[in-house]
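The values are calculated or read from the model by the stated rules, or taken from the named source; none is laboratory data. The structure displayed is predicted, hence computed values, not measured ones. Using ideal geometry, Cβ is built from the backbone for each residue, glycine included, and neighbour counts are taken over all protein chains shown.
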Ligand code: SF4
């Protein structure tokens, strides 16, 4: 029987995937806006427990083609452990075509491109990395643990290894004061990393937004209103210069669903944002 330690989250694109928790919680667990795993003590799931889950899926759901590994950053596991997991998945799920996972940029610090190439060959197809922002002031205030420059260096590795990279930016993180820098620096970060997929989410705070303001350390911070958020999104979209990046802004948190490919869909996406601002 599959078992989960709640809460369990996944990217929108993984709605049809079997979710397996390779780790519980997030090894960083300090980002000021994120309470998803706050109540969980980070730990790798035991080998026996995870393999029992994989074996159960193999016995009862052999048709599974897509697996998403949770929780927040299973790529923190050692390369050897990840190989064991990928091998077991492919042994027990013969139809498996795609294994994806959340990862943080820090997860790539201790993994060489050669190691990541090995994981790609073993079946790791895509990682989702929350960049959150390209603005160093915001990254420091939210306690992301990495700078813009470090994210560029670290996120180049999976791409060089042939693992698809999907990145997320969170609109509204810097409030009105840092909105312009957030949009422009985030577009620059995405351009430098050149992920296959880029998306924007909107900052969603649980009741008690004051605690984010306090953690952010700026008494002037406040959430963006709809018009400010759309303006930030517009600035981000208009600032991305790279070609071929598939862009999605279709998370449940977004006030405007947007999809396209940079640069060919840029003008159409900007027109859709302008229309939403007008309305
Ligand atoms: S790294 Fe991701 S999961 Fe972990 S605390 Fe930050 S936003 Fe949350």
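Brief remarks on what is shown
Quick grid of which residues meet (1) outside any strand (DSSP E or B); (2) farther than 23 Å from residue 106 by Cα; (3) within 14 Å of the ligand (Cβ to nearest atom):
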position	(1), (2), (3)
27	yes, no, yes
38	yes, no, yes
48	yes, yes, no
53	yes, yes, no
59	yes, yes, no
67	no, no, no
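- Identity of the residue in the range 204-230, out of contact with any helix residue (DSSP H, G or I) (no Cβ under 6 Å at 6 or more places or on another chain) and surrounded by 19 or more Cβ atoms within 10 Å (Cβ to Cβ), that ends up farthest from residue 267 (Cα to Cα): 212
- Residue 139 being within 30 Å of residue 171 (Cβ to Cβ) and within 13 Å of the ligand (Cβ to nearest atom): yes
- The range 55-83 residues that are more than 16 Å from residue 14 (Cβ to Cβ), paired with ones that are within 16 Å of the ligand (Cβ to nearest atom) and assigned to a loop (DSSP other than H, G, I, E, B) (beta carbon under 6 Å, 6 or more apart): 76/27
- Residue match in the range 92-102 (condition: near the ligand (Cβ under 10 Å from one of its atoms), farther than 30 Å from residue 188 by Cβ, modelled with pLDDT of 95 or more and out of contact with any helix residue (DSSP H, G or I) (no Cβ under 8 Å at 6 or more places or on another chain)): no
- Test: residue in the range 176-190 that is exposed (fewer than 15 other Cβ atoms within 10 Å of the Cβ) and on the phi > 0 side of the Ramachandran plot: no
- Which listed residue, of 69, 18, is surrounded by 13 or more Cβ atoms within 10 Å (Cβ to Cβ), modelled with pLDDT of 95 or more and over 20 Å from residue 130 (Cα atoms): 18
- Evaluation of residue 252 against (1) crowded, with 16+ Cβ neighbours inside 10 Å; (2) touching a residue at least 40 places away in the same chain (Cβ under 8 Å); (3) under 22 Å from the mean Cα position of the chain (by Cα) (one fails), failing number: (1)
- When residues of the range 103-136 are limited to those that are away from the ligand (no atom under 16 Å from the Cβ) and within 16 Å of the chain's Cα centre (by Cα), the one farthest from residue 196 (Cα to Cα): 124
- Scanning the range 119-168 for residues that are crowded, with 20+ Cβ neighbours inside 10 Å and without any contact (Cβ under 8 Å) to a residue 24 or more places away in the chain gives a single hit, 139.
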